[in-house]
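What follows draws every value from the coordinates through simple rules; no lab data is involved. It should be emphasised that the depicted structure is a prediction, and the values quoted were computed from it without experimental measurement. Note that we place each Cβ from the backbone using ideal geometry, even for glycine, and neighbour counts take in every protein chain shown.
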Amino acid sequence: MALLSEGAATIALDGARKSRGNLTKARIRWVILALLIVFGTVAGRLIQLGWVVTDTTIEGQARDIITASRPALLDRNGLEMAVDIRVPSLYAEPRRIIDVEEAVQKLRTVLPELDADWLRKRLTGDKGFVWVKRELTPAIEDAIFALGLPGFDFVQESKRFYPGGKEASHILGATNIDNQGIAGIEKYMDDQDVALLQSLGLARGNDLTPVNLSIDLRVQHVLYQQLSDSLVRYKAIAAAGAMMDIKTGEIIGMVSLPDYDPNNPQSAFEDFMGKKNQRFNRVTSGIYELGSTFKTVTMAAALDSGKVKITDTFDARYGVRFGRFTIDDFHGKHRVLTLPEVFKYSSNIGTIKAMQQMGKEDFRAFLTKVGFDTQVTIELPEKRLPTIPERFSEIVAATSSFGHGLSISPMHMLRAVAAFANDGNMVTPTLFKRSEEEARKLYTPVISSRTSAQMRYLMRLNALEGSGTRMNKEAAGYRAGGKTGTAEKVVGGQYSANKTLTVFSSAFPLDNPRYAMIIMVDEPQKENAQSGNTAGWNAGEITGRVVAQVAPMLGISPDFNEMLDSNLVPVEIR
């Protein structure tokens, strides 16, 4: 009996153990299943996320482009002309905004200029990213953060800043709100291929090498001040000027007025004196009849042809007739003039006869040789094609010889005058630094060294005895010389004696030429009752004042030794 009882207890114990073992195994199986489900779900979600393309844009604009920087633009001496600053820009994720109306009301307490209806529509929907307000200040950023609104955040953007404001606007151009170049050098650099950008240091990223331009900010400032003064002093409607290193082709300074503030690109479209579209670069994208400054080109062509000599004389007693028209001199001497006198007295008659002695076909070919048929090659996108008749009739050749009936840009004339002073070697202008060794590889001979020496003499003679004497008085000691030009403007299809364009093209110091310059004043008036309104009184005087200020900066010392001028006189006429 006792044995039976013991056996039953053993069976019952084994049964209980087996039952608990089965229950444990079942529980383990359920736990494993649960873990498999959990891990399977996680794995599935990871796979799903791996296939999802992350939105890296804001309104279609890649974030890396939005946040990218541009290299600093420096002048030739390392002074900053354009730099990037980091600014916060506010964007929203509408799908994360809980209460649109609350967001609108609170945002407008910090940004009251935002229209409520526009903002409400902007923040409604399931878009991932929308701009709210770009290029804010850090103080506004802090104020918006303090609102505690979900669904709003900031991107640190690069904004272009121009420390000099307007002074170099037509050189630098501007960028849009996405920091992309839209004008000037800024646009030029964005338009170039990758290899060129890398050579200039313009590779988008965080470690950018600054780009040195050819501009000398000291010269730029003087040009800007003097041309700004001309708008007031001579009551002119516009003015422009540029200076070039004749050895390297580097543009040292360039100003065109009226201008705009590149920190506010929209100002480029503002009216000026009640007129629209006046804030363009007159140096490169304006073309004009440059008047008697063109006689420099005609004389260089005639002398270099070999058919005209510096010892030649020309009968200027009577005007030159073309049918029922007669071309005469503005201040005629009514006598036989030597070639230097033709240039000094700016004789239309003498210039026409020198051109005719050369031949109108050769004269027209020379204009092609000095690049007057094509746009000037320079880095600015703002350029314009000259208008020169393909073939010259007798009368067109005659009027063209003294700068009427054809239009070129001031940059065309500057490049030509630089070549005439640089032993006849023409070089492509540039806004980037270039060594003289690099420039020599680009030289294109347009006149002989002998003709160049004769042209330097004529330009200096005009400063000493001709229409450039007022310029020479302002720039005493710096041996500058050049040619004036006063061209009547076309109004209603006819030339107007009351509206003129005055120009002075020059080079200095002519005993050892290094720089060429052109100054242009549009519709100048008399400074006072005793003054005149031709080029010598305004463009010439501006040239002299600029030379007097910048020459010492450029390492040129004044020298009043008369032998320097005597040495310029050609042997044939000493």
Working from Cα positions, state the angle (0 to 90°, nearest 10) between the long axis of helix 348-358 and the longest principal axis of the chain. 80 degrees
Tell me the angle of helix 539-553 to the major Cα principal axis of the chain, expressed in degrees between 0 and 90 and rounded to the nearest ten. 60 degrees
Shape of region 438-507 from its Cα gyration tensor (a ≥ b ≥ c, root eigenvalues): rounded if a/c is under 1.5, otherwise prolate when a/b > b/c, or oblate? oblate
Per the C-alpha gyration tensor (a ≥ b ≥ c, the square roots of its eigenvalues), region 127-185 is rounded if a/c is under 1.5, else prolate if a/b beats b/c, else oblate; here it's oblate
Do you know the Lys pair count in region 71-212 for C-alpha distances under 29 Å, with sequence separation 8 or more or different chains? 12
Size of charge dipole - region 156-314 - debye, nearest 20, with Cβ of Lys, Arg +1 and Asp, Glu -1, no other charges: 600 debye
5 Å is the cut-off here: which amide hydrogens, built 1.01 Å from N in the peptide plane, fall below it relative to A239, excluding neighbours closer than 5 in sequence? L257, D522
Express in whole angstrom the spacing between the alpha-carbon centres of region 484-498 and region 283-316. 20 Å
Size of charge dipole - the chain - debye, nearest 20, with Cβ of Lys, Arg +1 and Asp, Glu -1, no other charges: 660 debye
How far is helix 295-305 tilted off the main Cα axis of the chain, in degrees rounded to 10, range 0 to 90? 70 degrees
³J(HN,Hα), Karplus 6.51/-1.76/1.60, whole Hz, each residue of region 136-153, x for Gly, Pro: 9, 9, x, 5, 5, 4, 5, 5, 6, 4, 5, 5, x, 8, x, x, 10, 7
If you find the alpha carbon centre of region 502-574 and of region 203-258, how far apart are they in angstrom? 18 Å
Round to a whole angstrom and tell me the spacing of the C-alpha centers of region 337-362 and region 138-193. 55 Å
Within the chain, what's the longest run with no GluC sites (Glu not before Pro) in a DSSP loop and at most 16 other beta-carbon atoms within 10 Å? Give the range, please. 391-526
What net charge do the residues around Y162 carry, taking every other residue with its C-beta under 13 Å from that of Y162, with Lys and Arg at +1 and Asp and Glu at -1? -3
Here are some pairs, K295/K369; K247/K441; K483/K526; K309/K369; K295/K526; K275/K383; which of them have Cα atoms lying more than 23 Å apart in this structure? K295/K526
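Go ahead and estimate [θ] at 222 nm for the chain from helices alone: -39,500 (n - 2.57) per DSSP H run with n ≥ 4, summed, over the residue count, rounded to 500.
-12000 deg cm²/dmol
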From the square roots a ≥ b ≥ c of the eigenvalues of the alpha-carbon gyration tensor of region 389-492, which class results: rounded (a/c under 1.5), prolate (a/b over b/c), or oblate? oblate
Debye intensity ratio in log₁₀ form over the Cα atoms of region 74-200, taken at each q of 0.15, 0.19 Å⁻¹: -0.80, -1.00
Listed with the fewest Cβ neighbours within 10 Å leading, V571, V132, V219 appear as V571, V132, V219
Taking loop as defined by DSSP and a crowding limit of 14 other beta carbons within 10 Å, which trypsin sites (Lys or Arg not before Pro) in region 245-294 fit? K276
D (Stokes-Einstein, µm²/s), Kirkwood Cα radius, the chain, 1.002 mPa s at 20 °C: 76 µm²/s
With θ set to phi - 60° and the Karplus curve 6.51 cos²θ - 1.76 cosθ + 1.60, what are the ³J(HN,Hα) couplings of region 245-257 in order, to the nearest whole Hz, using x for Gly and Pro? 6, 6, 7, 10, x, 5, 7, 8, x, 7, 9, 9, 10
If you take every DSSP beta bridge fully contained in the chain, what fraction is antiparallel? Give it as a percent rounded to 5. 95 percent
